[in-house]
Amino acid sequence: MSSPSDPTLDERVAKVLAGDVRAAARLMRDLDDERPEAFEALKRLYPHTGKAAVSGVTGLPGAGKSTLVDQLVTRHRARGRTVAIVAVDPTSPFSGGAILGDRIRMQRHAGDPGVFIRSLATRGALGGVSRSTRDVVAVFDAMGFDEVIIETVGVGQDEVDICRTAHTTVVVTAPGLGDGIQAQKAGLLEVADVFVVNKADRPDADRAKAHLEAMLELDAPAGDRWRPPVLATDATTGEGVDALADAIEAHRAQMRASGEWARRERARQRAELTERVLYLLRRRAEVALERTGGVPALLDALERRETDPYTAAASLLDALD
Amino acid sequence: MADRRIRVLIAKPGLDGHDRGAKVVARALRDAGMEVIYTGLHQTPDMIADAAVQEDVDFVGLSILSGAHGTLFPAVVQKLRERDAGDIVVFGGGIIPEGDIPALEAAGVARIFTPGARIEAIVQWVRERAA
């Protein structure tokens, strides 16, 4: 498939590396649509990745993630860094369609060539980001963007895939979204490197911040382990966003100094590899099952309770070998 | 392998703040299985063209109720062409007098839907045009 001298592929890769927006945007779409030739391009781009600093912004719907990302972009640009944003919104489980509306809150960067916003739909993925998110981040990385910010769909408690893609995970909450015990539950709160209580102008913001801080007290960090700070922001006015940008940078510096950055990179690559293997296995299995044609007969047998799903699945897998 | 998913940018150029129609169209396209990027109010042609290219959409749907369509619709087409994105299909709707339509079509707007248009007709037109 990938011949070393494929002129179309060469040209495509060269354009993306040169920062061509059209070529990059089309590649992202082909990756999202799982076109095999797009992965050939990604193979060529991979050696050029690994330079971008990736942060994830996640939290409940309506907590103010998009507005906060918009403000963060302004801070990064003021510090001379180029920024790419991957904004994920949910796909309708019924129609397969999606309304992607995160750009509405990110208008102030229009016309700035140092900012590239890409909206993605989850397309059935349940972890808060789309399957393609990692691939799109890789394209931005190869294009040379300094910062990549991933904004997840509005998530609740268990959608933590973001921490396997980002170097720094920011969990955004807002006053009135849950009592003290919500903060004690497992999941989302455990993956936070930085906590943000947004809408800090609300009267109960101090209490929400205190709840989070109390929870973190119980989790006393050993040695030089990073202790997630709890920051208050008002994304509408931008108050507190400088401190957030500083905290993200401090987290990176501390991770690099402690060796945690390298550990996370390795864990990230392991997750990516596993995911990729499972993806390829699934594709292969789908093709093979189609070819064996034994599925309808098994479904009939299941309906008559002559077999069970466990035996049937095992027999199908045996047939693939 | 996943099919090609149709992507559409719905935008409101200019100064009017009436986005009910744009949202209804966005929702109908979503329900037809398309990915719809909605950018909100008060967009300039440059903003719309930049967003369309970054999002790699097949269509840009414009809604305008202020009467400025004669300037703004062709400007969006022009800005897309400047970005080597003249293949992105531009359509529009709003309070647009029948007499204005030929000039808009001559300027490269593929289709204008006026207030009487049925929502199903818009969805079907986008589908057929994408095929």
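The values are calculated or read from the model by the stated rules, or taken from the named source; none is laboratory data. Keep in mind that this is a model prediction, so the values were computed, not measured. Please note: Cβ atoms are built from the backbone with ideal geometry, for glycine as well, and neighbour counts cover all protein chains shown. To get the accessible areas, we keep the full protein, side chains included, count just its heavy atoms, and leave off ligands, DNA and RNA. Shrake-Rupley method; radii C 1.70, N 1.55, O 1.52, S 1.80 Å.
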Would you confirm whether any residue within the range A:232-253 is of a type in the set (S, T, N, Q), under 18 Å from A:His167 (Cα atoms) and away from chain B (no Cβ under 14 Å)? no
For B:Leu65, are the conditions met, namely being open to solvent by 20 Å² or more (accessible area, probe 1.4 Å) and of a type in the set (A, V, I, L, M, F, W, C)? yes
Here is a list: B:Gly21, B:Gly40, B:Gly33. Which entry is in a helix (DSSP H, G or I) and either over 23 Å from A:Gly19 (Cβ atoms) or basic (Lys, Arg) (or both)? B:Gly21
Yes or no: B:Gly40 away from chain A (no Cβ under 11 Å) and farther than 23 Å from A:Leu31 by Cβ? no
If a residue has to be open to solvent by 10 Å² or more (accessible area, probe 1.4 Å), at the interface with another protein chain (Cβ under 7 Å from one of its Cβ atoms) and not in a helix (DSSP H, G or I) to count, how many in the range A:25-39 make the cut? 1
Residue check: is A:Ala87 out of contact with any Pro (no Cβ under 7 Å at 6 or more places or on another chain), open to solvent by less than 40 Å² (accessible area, probe 1.4 Å) and more than 14 Å from chain B (Cβ to nearest Cβ)? no
Quick check, is B:Arg7 within 14 Å of another protein chain (Cβ to nearest Cβ) and in contact with a helix residue (DSSP H, G or I) (Cβ under 9 Å, 6 or more places away or on another chain)? yes
From A:Ala210, A:Ala247, which residue is hydrophobic (A, V, I, L, M, F, W, C) and without any contact (Cβ under 8 Å) to a residue 12 or more places away in the chain? A:Ala210
The condition from (1) farther than 23 Å from B:Arg7 by Cα; (2) in contact with a strand residue (DSSP E or B) (Cβ under 9 Å, 6 or more places away or on another chain); (3) at pLDDT 95 or above that A:Gln71 misses is numbered (2)
Would you point out which residue out of B:Ala68, B:Ala51, B:Ala103, B:Ala75 is touching a Ser or Thr at 6+ places or on another chain (Cβ under 6 Å) and among the hydrophobic types (A, V, I, L, M, F, W, C)? B:Ala51
Odd one out for A:Arg81 among (1) assigned to a helix (DSSP H, G or I); (2) open to solvent by 40 Å² or more (accessible area, probe 1.4 Å): (1)
Number of positions in the range B:10-35 that are open to solvent by 40 Å² or more (accessible area, probe 1.4 Å), within 11 Å of chain A (Cβ to nearest Cβ) and either of a type in the set (S, T, N, Q) or more than 24 Å from A:Leu27 (Cα to Cα) (or both): 3
Could you identify the single residue in A:Ala98, A:Ala110, A:Ala125 that is more than 7 Å from every other protein chain (Cβ to nearest Cβ) and free of Cβ contacts under 8 Å to residues at least 60 places away in the same chain? A:Ala125
Answer from A:Gly50, A:Gly97, A:Gly56 - the residue that is touching a strand residue (DSSP E or B) at 6+ places or on another chain (Cβ under 9 Å), over 30 Å from A:Pro175 (Cβ atoms) and among the small types (Gly, Ala, Ser): A:Gly97
Based on this model, can you work out whether A:Val136 counts as part of a strand (DSSP E or B) and either away from chain B (no Cβ under 12 Å) or within 21 Å of A:Ala41 (Cβ to Cβ) (or both)? no
Any chance the range B:52-73 includes a residue that's within 13 Å of chain A (Cβ to nearest Cβ), part of a helix (DSSP H, G or I) and either modelled with pLDDT under 95 or farther than 14 Å from A:Gly101 by Cα (or both)? yes
Residue list for the range A:235-266, filter: of a type outside the set (A, V, I, L, M, F, W, C) and farther than 24 Å from A:Thr49 by Cα: A:Thr236, A:Thr237, A:Gly238, A:Glu239, A:Gly240, A:Asp242, A:Asp246
Looking only at the range A:90-108, which residues are assigned to a helix (DSSP H, G or I) and open to solvent by 20 Å² or more (accessible area, probe 1.4 Å)? A:Arg103, A:Ile104, A:Arg105, A:Gln107, A:Arg108
